[in-house]
Amino acid sequence: MKKERKDNRGVDQLRPVKIVPGFVELSAGSALIDMGKTRVLCTASVEGKVPRWLHQAQLKQREKSGWVTAEYSILPGAGPYRTQRESTTGRKSGRTYEIQRLIGRSLRTVVDLKELGPRTVWIDCDVIQADGGTRTASVTGGFVALMKALLALKSKGMIDKIPIKEHLAAVSIGVRDGEVLLDLDYDEDKDVDVDCNVVMTENGKFIEIQGTGEKRGFSREQLTKMLDYAEPAIHELIKLQKLVCMGNGE
């Protein structure tokens, strides 16, 4: 017997989403994103240089371009039980590295790094409340923080145009008891047989598909259905991104 979703959502329905741009006034760009009870604070900082390894490579190639990278963390009180800060343990977990690489990779694909120029944009995603889908919320909110930072650079005359090729967003999906569910909360995420995260651009190009059989494998038909659910949801998120960025000249 299939379980009802506790918030009475349809199987292909997003949780309520809210994005507050400019939430942190002193950063180059920022956004607070809520997806259901999951809440992530995303900030963008601009540094006037690129990583050393990239600088050395550019010296050989005689070209200059920028870089976009990300860091991710969960605050100790983000869930019902306190978790230890990774800074006190002296090392980040494998999960943290995996997620921040996903965020950085995703955002770099839609940035024209040559147009960005020889600077680095850091996207910091701090989960202040975790109820599932924190990595996908970080990608979606991180893009808004990035866009805000780029708009600020352009307004200061530091870049000639916004070096964004297209918008992108991300969403989680899973399979529980043979049924595909969009945008999993924590209770659903820990109960699903298959867990998947999808990052996609506004033109329908997949940037990343992370699909894992947690308890059992999944069929090609189920994969197709997961992607069919993800695409309109991501377009909905991108529409919201554009709406919240519109007041700053996008």
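Key figures
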quantity: T88-D177 FRET efficiency (beta carbon distance; Förster radius 45 Å; 0.05 resolution); calculated: 0.70
quantity: GNM top mover of S106, S65, S138 - the chain, alpha-carbon springs below 10 Å; calculated: S65
quantity: Derived scalar couplings ³J(HN,Hα) [segment 12-29; Karplus, 6.51 cos²θ - 1.76 cosθ + 1.60; whole Hz; x for Gly, Pro]; calculated: 10, 10, 6, 5, x, 10, 9, 10, 10, x, x, 5, 9, 6, 8, 7, 4, x
quantity: Kirkwood-based shape ratio for the chain, expressed as Rg/Rh from alpha carbons; calculated: 0.98
quantity: Net charge dipole size for the chain [Lys, Arg +1 and Asp, Glu -1 on Cβ; Debye, nearest 20]; calculated: 940 debye
quantity: Residues with amide H under 5 Å from that of E71, placed H, sequence gap 5 or more; calculated: I123, D124, C125
quantity: Gaussian network model of the chain, Cα within-10 Å springs - most flexible of P21, P118, P51; calculated: P51
quantity: Two-site label geometry, E71 and R220: point separation in nm, points 7 Å out along Cα→Cβ; calculated: 4.4 nm
quantity: Order of R52, R105 under a 10 Å beta carbon neighbour criterion, fewest first; calculated: R52, R105
quantity: Ranking of M158, M200 by count of other Cβ atoms within 10 Å, fewest first; calculated: M158, M200
quantity: Helix 220-245 axis, angle to the chain major axis (alpha carbon atoms, nearest 10°); calculated: 50 degrees
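Each value in this text was obtained by applying a stated rule to the coordinates, not by laboratory testing. Because the structure is a prediction, the values reported are computed rather than measured. In this analysis, Cβ positions are derived from the backbone assuming ideal geometry, glycine residues included, and neighbour counts consider all displayed protein chains.
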